[in-house]
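What follows is one structure encoded as C-alpha coordinates, with my remarks underneath.
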Amino acid sequence: MRTRGFARRDAARARLDELWRRGTTFLGSEFAIMGGAMTWVSERSLVAAISNGGGFGVIACGSMNREQLDAEIAATQARTRRPFGVNLITLHPDLAALSDVCIRRGVTHIVLAGAIPSTQAVRRIKDAGVKLLCFAPALAIAKKLVRMGADAIIVEGAEAGGHIGPVSTSVLTQEILPHLREVPVFVAGGIGRGDAILAYLEMGASGAQLGTRFVCALESIAHRRFKEAFIRAHARDAVASVQLDPRFPVIPVRAIRNAGTVRFLALQRAVIDRFLRGEIPQKDAQLEIEHFWAGALKRAVIDGDVETGSVMAGQSVGMVTREQSTREILGELVSQALSMIAARESAAPPRIAPVRAEG
Ligand SMILES: Cc1cc2nc3c(=O)[nH]c(=O)nc-3n(C[C@H](O)[C@H](O)[C@H](O)COP(=O)(O)O)c2cc1C
(Lines give C-alpha, C1' and ligand atoms only; values in the text may rest on other atoms or scores of the structure.)
Protein backbone atom coordinates (compact mmCIF):
# COMPACT_ATOMS: atom_id res chain seq x y z
CA MET A 1 0.00 0.00 0.00
CA ARG A 2 1.28 3.45 -1.00
CA THR A 3 0.85 5.17 2.36
CA ARG A 4 2.37 2.24 4.25
CA GLY A 5 5.33 2.38 1.84
CA PHE A 6 5.82 6.07 2.56
CA ALA A 7 5.53 5.54 6.30
CA ARG A 8 8.11 2.76 6.12
CA ARG A 9 10.45 5.02 4.13
CA ASP A 10 10.03 7.85 6.67
CA ALA A 11 10.74 5.47 9.52
CA ALA A 12 13.84 4.19 7.69
CA ARG A 13 15.02 7.75 7.12
CA ALA A 14 14.51 8.57 10.79
CA ARG A 15 16.52 5.47 11.74
CA LEU A 16 19.37 6.36 9.38
CA ASP A 17 19.43 9.95 10.65
CA GLU A 18 19.63 8.62 14.19
CA LEU A 19 22.43 6.17 13.31
CA TRP A 20 24.69 8.78 11.72
CA ARG A 21 23.61 11.84 13.77
CA ARG A 22 26.97 12.06 15.53
CA GLY A 23 28.67 12.10 12.14
CA THR A 24 26.35 14.64 10.50
CA THR A 25 26.56 16.90 13.55
CA PHE A 26 30.35 16.71 13.49
CA LEU A 27 30.63 17.35 9.76
CA GLY A 28 27.72 19.78 9.47
CA SER A 29 26.39 17.86 6.46
CA GLU A 30 23.09 16.17 5.64
CA PHE A 31 24.66 12.72 5.16
CA ALA A 32 27.65 11.41 7.11
CA ILE A 33 29.34 10.47 3.86
CA MET A 34 32.76 11.96 3.28
CA GLY A 35 34.27 12.16 -0.17
CA GLY A 36 37.78 10.99 0.66
CA ALA A 37 40.47 13.34 -0.59
CA MET A 38 42.10 12.06 -3.78
CA THR A 39 45.19 13.87 -5.02
CA TRP A 40 44.52 15.49 -8.46
CA VAL A 41 40.87 14.35 -8.34
CA SER A 42 39.49 16.09 -5.24
CA GLU A 43 39.61 19.68 -6.37
CA ARG A 44 37.04 22.51 -6.36
CA SER A 45 34.56 20.92 -8.75
CA LEU A 46 34.15 17.49 -7.15
CA VAL A 47 34.54 18.75 -3.57
CA ALA A 48 31.83 21.39 -4.02
CA ALA A 49 29.57 18.88 -5.79
CA ILE A 50 29.86 16.41 -2.90
CA SER A 51 29.10 19.07 -0.29
CA ASN A 52 26.25 20.56 -2.36
CA GLY A 53 24.86 17.04 -2.77
CA GLY A 54 24.55 16.59 0.99
CA GLY A 55 27.86 14.81 1.63
CA PHE A 56 31.13 16.24 2.88
CA GLY A 57 33.79 17.01 0.27
CA VAL A 58 37.48 17.12 1.12
CA ILE A 59 40.12 18.95 -0.95
CA ALA A 60 43.30 16.93 -1.50
CA CYS A 61 46.22 19.28 -0.94
CA GLY A 62 48.74 16.64 -2.08
CA SER A 63 51.88 18.47 -3.10
CA MET A 64 50.18 21.86 -3.69
CA ASN A 65 52.01 24.92 -2.38
CA ARG A 66 50.39 27.64 -0.24
CA GLU A 67 49.23 29.76 -3.16
CA GLN A 68 47.70 26.79 -4.98
CA LEU A 69 45.90 25.60 -1.84
CA ASP A 70 44.68 29.11 -1.08
CA ALA A 71 43.24 29.43 -4.59
CA GLU A 72 41.64 25.98 -4.40
CA ILE A 73 39.92 26.73 -1.10
CA ALA A 74 38.66 30.10 -2.36
CA ALA A 75 37.33 28.53 -5.57
CA THR A 76 35.58 25.79 -3.60
CA GLN A 77 34.02 28.35 -1.26
CA ALA A 78 32.74 30.19 -4.32
CA ARG A 79 30.97 26.99 -5.44
CA THR A 80 29.44 25.88 -2.15
CA ARG A 81 28.19 27.43 1.05
CA ARG A 82 28.19 24.01 2.73
CA PRO A 83 31.11 22.82 4.89
CA PHE A 84 34.02 20.91 3.37
CA GLY A 85 37.43 19.83 4.61
CA VAL A 86 41.05 19.97 3.49
CA ASN A 87 43.37 16.97 3.56
CA LEU A 88 47.00 17.80 4.33
CA ILE A 89 49.86 15.33 4.17
CA THR A 90 51.84 15.40 7.42
CA LEU A 91 55.11 14.87 5.54
CA HIS A 92 54.62 18.03 3.44
CA PRO A 93 57.61 20.30 4.20
CA ASP A 94 55.29 23.32 4.46
CA LEU A 95 52.63 21.72 6.68
CA ALA A 96 52.48 24.59 9.20
CA ALA A 97 52.01 27.24 6.50
CA LEU A 98 49.39 25.10 4.71
CA SER A 99 47.48 24.75 7.99
CA ASP A 100 47.60 28.54 8.33
CA VAL A 101 46.17 28.94 4.82
CA CYS A 102 43.20 26.76 5.85
CA ILE A 103 42.77 28.68 9.10
CA ARG A 104 42.87 32.07 7.36
CA ARG A 105 40.31 30.90 4.81
CA GLY A 106 37.96 29.72 7.57
CA VAL A 107 38.13 26.01 6.70
CA THR A 108 36.20 24.18 9.42
CA HIS A 109 37.78 20.69 9.17
CA ILE A 110 41.33 19.51 8.46
CA VAL A 111 42.24 15.89 7.78
CA LEU A 112 45.85 15.01 8.51
CA ALA A 113 47.04 12.06 6.45
CA GLY A 114 50.33 10.22 6.12
CA ALA A 115 52.29 9.66 9.32
CA ILE A 116 51.17 10.37 12.90
CA PRO A 117 51.18 14.18 13.19
CA SER A 118 53.50 16.04 15.54
CA THR A 119 52.13 17.66 18.70
CA GLN A 120 52.86 21.09 17.21
CA ALA A 121 50.92 20.32 14.03
CA VAL A 122 47.91 19.22 16.11
CA ARG A 123 48.13 22.23 18.42
CA ARG A 124 48.30 24.71 15.53
CA ILE A 125 45.04 23.38 14.09
CA LYS A 126 43.24 22.94 17.41
CA ASP A 127 44.24 26.35 18.77
CA ALA A 128 42.55 27.91 15.76
CA GLY A 129 39.32 26.07 16.59
CA VAL A 130 39.46 23.89 13.47
CA LYS A 131 38.15 20.33 13.78
CA LEU A 132 40.86 17.74 13.26
CA LEU A 133 40.44 14.28 11.73
CA CYS A 134 43.29 11.75 11.70
CA PHE A 135 43.75 8.29 10.21
CA ALA A 136 44.33 5.44 12.65
CA PRO A 137 45.73 2.10 11.41
CA ALA A 138 45.33 0.40 14.83
CA LEU A 139 43.38 0.87 18.09
CA ALA A 140 46.44 1.94 20.13
CA ILE A 141 47.23 4.65 17.57
CA ALA A 142 43.59 5.78 17.49
CA LYS A 143 43.63 6.20 21.29
CA LYS A 144 46.94 8.08 21.12
CA LEU A 145 45.58 10.43 18.43
CA VAL A 146 42.49 11.15 20.52
CA ARG A 147 44.71 11.91 23.54
CA MET A 148 46.74 14.24 21.29
CA GLY A 149 43.56 16.11 20.37
CA ALA A 150 42.04 14.50 17.25
CA ASP A 151 38.33 15.32 17.14
CA ALA A 152 37.50 12.35 14.90
CA ILE A 153 39.21 9.25 13.57
CA ILE A 154 39.15 7.75 10.09
CA VAL A 155 39.67 3.99 9.98
CA GLU A 156 40.82 2.99 6.51
CA GLY A 157 41.33 -0.63 5.52
CA ALA A 158 43.58 -2.17 2.88
CA GLU A 159 40.74 -2.45 0.33
CA ALA A 160 41.01 1.30 -0.24
CA GLY A 161 42.53 3.01 -3.25
CA GLY A 162 45.80 4.91 -2.92
CA HIS A 163 48.27 4.46 -0.06
CA ILE A 164 47.17 1.63 2.16
CA GLY A 165 47.93 -0.19 5.39
CA PRO A 166 48.12 -3.95 5.74
CA VAL A 167 44.83 -4.65 7.57
CA SER A 168 41.38 -5.00 5.97
CA THR A 169 38.49 -2.69 6.80
CA SER A 170 36.44 -5.55 8.25
CA VAL A 171 39.16 -6.43 10.78
CA LEU A 172 40.16 -2.84 11.62
CA THR A 173 36.56 -1.87 12.34
CA GLN A 174 36.12 -4.83 14.70
CA GLU A 175 39.35 -3.85 16.43
CA ILE A 176 38.54 -0.17 16.78
CA LEU A 177 34.78 0.54 16.73
CA PRO A 178 33.77 -1.26 19.94
CA HIS A 179 36.56 0.40 21.91
CA LEU A 180 36.62 3.98 20.70
CA ARG A 181 33.57 5.90 21.83
CA GLU A 182 35.25 9.20 22.73
CA VAL A 183 35.08 10.68 19.22
CA PRO A 184 33.20 10.02 15.97
CA VAL A 185 34.79 7.34 13.79
CA PHE A 186 34.45 7.30 9.99
CA VAL A 187 35.08 4.06 8.11
CA ALA A 188 36.86 3.97 4.74
CA GLY A 189 38.12 1.36 2.33
CA GLY A 190 36.10 -0.95 0.12
CA ILE A 191 32.74 0.75 0.61
CA GLY A 192 30.75 0.89 -2.62
CA ARG A 193 27.16 0.64 -1.46
CA GLY A 194 24.84 2.18 1.11
CA ASP A 195 24.04 -1.12 2.79
CA ALA A 196 27.75 -1.44 3.67
CA ILE A 197 27.65 2.08 5.15
CA LEU A 198 24.63 1.01 7.20
CA ALA A 199 26.47 -2.08 8.47
CA TYR A 200 29.37 0.02 9.74
CA LEU A 201 26.98 2.54 11.34
CA GLU A 202 25.32 -0.31 13.17
CA MET A 203 28.74 -1.46 14.37
CA GLY A 204 29.23 1.96 15.96
CA ALA A 205 30.71 4.11 13.20
CA SER A 206 29.46 7.68 12.86
CA GLY A 207 29.88 7.80 9.10
CA ALA A 208 31.84 6.61 6.09
CA GLN A 209 34.48 7.92 3.72
CA LEU A 210 34.46 6.84 0.06
CA GLY A 211 36.98 7.68 -2.62
CA THR A 212 36.81 5.23 -5.53
CA ARG A 213 33.01 5.60 -5.96
CA PHE A 214 33.38 9.34 -6.65
CA VAL A 215 36.13 9.17 -9.30
CA CYS A 216 33.63 8.74 -12.15
CA ALA A 217 31.33 11.49 -10.98
CA LEU A 218 30.36 13.85 -13.80
CA GLU A 219 31.89 16.67 -11.76
CA SER A 220 35.21 14.83 -11.37
CA ILE A 221 37.92 16.31 -13.60
CA ALA A 222 39.70 12.94 -13.94
CA HIS A 223 40.66 12.24 -17.57
CA ARG A 224 38.16 10.30 -19.70
CA ARG A 225 40.62 7.38 -19.98
CA PHE A 226 41.08 7.32 -16.18
CA LYS A 227 37.31 7.07 -15.76
CA GLU A 228 37.04 4.40 -18.48
CA ALA A 229 39.69 2.32 -16.70
CA PHE A 230 37.54 2.48 -13.55
CA ILE A 231 34.37 1.51 -15.40
CA ARG A 232 36.11 -1.48 -17.05
CA ALA A 233 37.86 -2.75 -13.91
CA HIS A 234 36.74 -5.49 -11.53
CA ALA A 235 37.60 -5.69 -7.83
CA ARG A 236 40.48 -8.08 -8.53
CA ASP A 237 42.15 -5.58 -10.90
CA ALA A 238 42.82 -3.11 -8.07
CA VAL A 239 46.01 -4.60 -6.65
CA ALA A 240 48.48 -3.57 -3.97
CA SER A 241 52.01 -2.74 -5.13
CA VAL A 242 54.41 -5.69 -4.89
CA GLN A 243 57.73 -5.54 -3.05
CA LEU A 244 60.37 -8.00 -4.29
CA ASP A 245 63.00 -7.74 -1.58
CA PRO A 246 62.64 -6.88 2.14
CA ARG A 247 65.83 -4.81 1.89
CA PHE A 248 64.13 -2.48 -0.58
CA PRO A 249 60.82 -1.32 0.87
CA VAL A 250 58.04 -0.36 -1.51
CA ILE A 251 55.30 2.03 -0.39
CA PRO A 252 52.06 0.00 -0.50
CA VAL A 253 49.63 1.56 -2.96
CA ARG A 254 46.44 0.03 -4.40
CA ALA A 255 45.96 0.75 -8.11
CA ILE A 256 44.57 -0.88 -11.23
CA ARG A 257 47.07 -3.34 -12.70
CA ASN A 258 48.62 -2.03 -15.95
CA ALA A 259 51.86 -1.97 -17.95
CA GLY A 260 53.34 0.32 -15.27
CA THR A 261 52.86 -2.28 -12.52
CA VAL A 262 54.57 -4.93 -14.71
CA ARG A 263 57.45 -2.55 -15.49
CA PHE A 264 57.79 -1.71 -11.80
CA LEU A 265 58.49 -5.37 -11.01
CA ALA A 266 61.06 -5.55 -13.83
CA LEU A 267 62.71 -2.35 -12.57
CA GLN A 268 62.94 -3.69 -9.01
CA ARG A 269 64.47 -6.94 -10.32
CA ALA A 270 67.04 -5.07 -12.44
CA VAL A 271 67.99 -2.62 -9.67
CA ILE A 272 68.32 -5.37 -7.06
CA ASP A 273 70.54 -7.38 -9.47
CA ARG A 274 72.80 -4.35 -9.96
CA PHE A 275 72.99 -3.94 -6.18
CA LEU A 276 73.84 -7.64 -5.72
CA ARG A 277 76.59 -7.36 -8.34
CA GLY A 278 78.01 -4.42 -6.36
CA GLU A 279 77.35 -1.94 -9.16
CA ILE A 280 75.30 0.52 -7.06
CA PRO A 281 75.06 1.25 -3.33
CA GLN A 282 71.86 0.23 -1.48
CA LYS A 283 70.83 3.86 -1.00
CA ASP A 284 70.91 4.60 -4.73
CA ALA A 285 69.04 1.39 -5.51
CA GLN A 286 66.33 2.37 -3.02
CA LEU A 287 66.05 5.84 -4.56
CA GLU A 288 65.63 4.39 -8.06
CA ILE A 289 62.79 2.21 -6.80
CA GLU A 290 61.17 5.11 -4.96
CA HIS A 291 61.40 7.42 -7.98
CA PHE A 292 59.69 5.01 -10.35
CA TRP A 293 56.18 6.27 -9.56
CA ALA A 294 57.08 9.98 -9.21
CA GLY A 295 54.47 12.02 -11.07
CA ALA A 296 52.64 8.84 -12.10
CA LEU A 297 49.29 9.69 -10.46
CA LYS A 298 49.11 13.06 -12.21
CA ARG A 299 50.04 11.40 -15.51
CA ALA A 300 47.11 9.01 -15.13
CA VAL A 301 44.47 11.36 -13.67
CA ILE A 302 45.21 14.49 -15.68
CA ASP A 303 46.99 13.31 -18.85
CA GLY A 304 45.04 10.05 -19.18
CA ASP A 305 48.12 7.81 -19.36
CA VAL A 306 46.46 4.76 -17.85
CA GLU A 307 49.12 2.41 -19.26
CA THR A 308 52.20 3.60 -17.39
CA GLY A 309 50.60 6.05 -14.94
CA SER A 310 49.36 5.12 -11.47
CA VAL A 311 45.62 4.37 -11.70
CA MET A 312 45.00 4.41 -7.95
CA ALA A 313 41.70 2.68 -7.18
CA GLY A 314 40.16 0.65 -4.39
CA GLN A 315 38.61 -2.80 -4.67
CA SER A 316 35.18 -1.17 -4.77
CA VAL A 317 36.10 -0.15 -8.34
CA GLY A 318 34.04 -3.15 -9.51
CA MET A 319 30.97 -1.26 -8.29
CA VAL A 320 31.74 1.73 -10.51
CA THR A 321 29.78 0.98 -13.66
CA ARG A 322 29.16 4.35 -15.32
CA GLU A 323 29.61 8.07 -15.09
CA GLN A 324 26.98 9.54 -12.77
CA SER A 325 26.36 12.90 -11.19
CA THR A 326 27.63 13.26 -7.64
CA ARG A 327 24.07 13.86 -6.50
CA GLU A 328 23.02 10.58 -8.11
CA ILE A 329 25.87 8.66 -6.44
CA LEU A 330 25.00 10.08 -3.02
CA GLY A 331 21.28 9.46 -3.63
CA GLU A 332 22.01 5.85 -4.55
CA LEU A 333 24.10 5.27 -1.42
CA VAL A 334 21.44 6.74 0.85
CA SER A 335 18.67 4.89 -0.92
CA GLN A 336 20.49 1.54 -0.56
CA ALA A 337 20.87 2.12 3.18
CA LEU A 338 17.19 3.07 3.48
CA SER A 339 16.03 0.06 1.46
CA MET A 340 17.97 -2.25 3.73
CA ILE A 341 16.39 -0.73 6.84
CA ALA A 342 12.91 -0.81 5.28
CA ALA A 343 13.32 -4.42 4.08
CA ARG A 344 14.19 -5.53 7.57
CA GLU A 345 11.19 -3.73 8.99
CA SER A 346 8.84 -5.41 6.55
CA ALA A 347 10.41 -8.83 7.20
CA ALA A 348 10.07 -8.42 10.96
CA PRO A 349 7.08 -10.09 12.57
CA PRO A 350 4.26 -7.56 12.98
CA ARG A 351 4.34 -5.77 16.28
CA ILE A 352 1.20 -6.55 18.24
CA ALA A 353 -0.11 -3.52 20.03
CA PRO A 354 -0.60 -4.15 23.72
CA VAL A 355 -4.22 -4.53 24.66
CA ARG A 356 -5.26 -1.56 26.72
CA ALA A 357 -7.56 -2.27 29.61
CA GLU A 358 -10.90 -0.52 29.28
CA GLY A 359 -12.20 1.92 31.80
C1 LIG B 1 43.12 8.20 -6.82
C2 LIG B 1 43.16 8.25 -5.31
C3 LIG B 1 43.94 9.21 -4.68
C4 LIG B 1 43.96 9.30 -3.28
N5 LIG B 1 44.69 10.30 -2.68
C6 LIG B 1 44.63 10.45 -1.32
C7 LIG B 1 45.30 11.55 -0.69
O8 LIG B 1 45.91 12.39 -1.34
N9 LIG B 1 45.21 11.64 0.67
C10 LIG B 1 44.52 10.73 1.42
O11 LIG B 1 44.47 10.85 2.65
N12 LIG B 1 43.88 9.69 0.84
C13 LIG B 1 43.92 9.54 -0.51
N14 LIG B 1 43.20 8.53 -1.10
C15 LIG B 1 42.31 7.70 -0.25
C16 LIG B 1 40.87 8.29 -0.21
O17 LIG B 1 40.84 9.52 0.44
C18 LIG B 1 39.88 7.36 0.52
O19 LIG B 1 40.20 7.26 1.89
C20 LIG B 1 39.83 5.98 -0.08
O21 LIG B 1 39.69 6.09 -1.47
C22 LIG B 1 38.66 5.19 0.53
O23 LIG B 1 38.62 3.90 0.05
P24 LIG B 1 37.84 3.47 -1.30
O25 LIG B 1 38.77 3.84 -2.41
O26 LIG B 1 37.71 2.00 -1.16
O27 LIG B 1 36.54 4.21 -1.34
C28 LIG B 1 43.19 8.39 -2.50
C29 LIG B 1 42.42 7.41 -3.15
C30 LIG B 1 42.40 7.33 -4.53
C31 LIG B 1 41.52 6.28 -5.19
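The values are calculated or read from the model by the stated rules, or taken from the named source; none is laboratory data. All values reported here derive from a predicted model rather than from experimental measurement. Here Cβ is always computed from backbone atoms with ideal geometry, including for glycine, and neighbour counts include all displayed protein chains.
Quick notes
- Conditions (1) more than 13 Å from the ligand (Cβ to nearest atom); (2) touching a residue at least 40 places away in the same chain (Cβ under 8 Å); (3) surrounded by 21 or more Cβ atoms within 10 Å (Cβ to Cβ); (4) small (G, A, S); number of the one not met by S316: (1)
- Test: residue in region 294-302 that is part of a strand (DSSP E or B), under 23 Å from F248 (Cα atoms) and within 12 Å of the ligand (Cβ to nearest atom): no
- In the set (1) surrounded by 15 or more Cβ atoms within 10 Å (Cβ to Cβ); (2) farther than 30 Å from D17 by Cβ, the condition left unmet by T212 is number (2).
- Residue in region 278-292 that is on the phi > 0 side of the Ramachandran plot, away from the ligand (no atom under 14 Å from the Cβ), at pLDDT 95 or above and not assigned by TED's automatic domain parsing to the domain that holds S168 present: yes
- In region 184-196, the residues that are in a loop (DSSP other than H, G, I, E, B) and within 13 Å of the ligand (Cβ to nearest atom): G189, G190, I191, G192, R193
- The residues of region 163-183 that are touching a helix residue (DSSP H, G or I) at 6+ places or on another chain (Cβ under 9 Å) and either part of a helix (DSSP H, G or I) or buried (at least 24 other Cβ atoms within 10 Å of the Cβ) (or both), listed by number, are T169, L172, T173, E175, I176, L177, H179.
- Restricting attention to region 77-115, the residues that are surrounded by 17 or more Cβ atoms within 10 Å (Cβ to Cβ) and within 14 Å of the ligand (Cβ to nearest atom) add up to 14.
- Evaluation of L69 against the conditions (1) within 12 Å of the ligand (Cβ to nearest atom); (2) crowded, with 19+ Cβ neighbours inside 10 Å shows that the sole unmet condition is (1).
- Any hit, region 134-145, residues being crowded, with 18+ Cβ neighbours inside 10 Å and assigned to a loop (DSSP other than H, G, I, E, B): yes
Every residue, every condition in (1) hydrophobic (A, V, I, L, M, F, W, C); (2) more than 18 Å from the chain's Cα centre (by Cα); (3) not in a loop (DSSP other than H, G, I, E, B), yes or no:
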| site | (1), (2), (3) |
| --- | --- |
| S51 | no, no, yes |
| S63 | no, no, no |
| Q68 | no, yes, yes |
| P93 | no, yes, no |
| S99 | no, yes, yes |
| V107 | yes, yes, no |
| V111 | yes, no, yes |
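- Matching residues in region 34-53 - criterion: being within 11 Å of the ligand (Cβ to nearest atom) and surrounded by 24 or more Cβ atoms within 10 Å (Cβ to Cβ): M34, G35, G36, A37, M38, V41, S42
For every residue, the table says whether it meets (1) over 25 Å from A150 (Cβ atoms); (2) not charged (D, E, K, R).
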residue	(1), (2)
R9	yes, no
R22	no, no
F26	no, yes
A32	no, yes
T39	no, yes
R44	yes, no
A48	yes, yes
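- Contact annotation: no residue pair with Cβ atoms under 8 Å, 6 or more positions apart or on different chains, pairs a residue in region 327-349 that is within 20 Å of G190 (Cα to Cα) and outside the structural domain of N52 (by TED's automatic domain parsing) with a partner that is surrounded by fewer than 17 Cβ atoms within 10 Å (Cβ to Cβ) and of a type outside the set (G, A, S).
- Residue in region 159-180 that is at pLDDT 95 or above, away from the ligand (no atom under 16 Å from the Cβ) and hydrophobic (A, V, I, L, M, F, W, C) present: yes
- Set F56, F26: member being touching a residue at least 24 places away in the same chain (Cβ under 8 Å), within 19 Å of the chain's Cα centre (by Cα) and either within 16 Å of the ligand (Cβ to nearest atom) or farther than 30 Å from L180 by Cβ (or both): F56
- Test: residue in region 216-236 that is of a type in the set (F, W, Y), in contact with a strand residue (DSSP E or B) (Cβ under 6 Å, 6 or more places away or on another chain) and in a helix (DSSP H, G or I): no
- Test result for S310, buried (at least 17 other Cβ atoms within 10 Å of the Cβ), part of a loop (DSSP other than H, G, I, E, B) and either within 15 Å of the ligand (Cβ to nearest atom) or modelled with pLDDT under 95 (or both): yes
- Scanning region 197-236 for residues that are of a type in the set (K, R) and within 12 Å of the ligand (Cβ to nearest atom) turns up R213, K227.
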